[in-house]
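Have a look at the structure below, then the notes.
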Amino acid sequence: MAFSLAIGISLGASQTGLTLTAQLVDTTGAALGSAVATGFSEIGGGNYLWYYSAFPSDTSVGVKFLSGVTLKAFVSVNPSDAT
């Protein structure tokens, strides 16, 4: 069963207006499925919120946040992070 999580990322005031994608990766860095381009909201000043409802509940994953091919942020997600 999957779980949902909202992740906030702060990229700085010079990083406004970006089109971001999120790529889930496993513990070896291998991509899990395709990049996700939906669920993003820019909340001002280079701050973004991403809501995703299909995190795998049986394993920890990483999320690479990309603008084009440029890595902007990385977050690790553990099923225990969900409430």
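Please treat every number below as a calculation from the coordinates, not as lab data. Here the structure is a predicted model, which means the values were calculated and not measured.
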Selected from Ala73, Ala22, Ala30 as most flexible by GNM, with the chain as the system and alpha-carbon contacts under 10 Å = Ala30
Which whole-number percent is the relative contact order of the range 1-45 (Cα, under 8 Å, 6+ apart)?
-> 36
Looking only at Thr38, Thr28, Thr59, which one moves most when the chain is put into a Gaussian network model with springs between Cα atoms under 10 Å?
-> Thr28
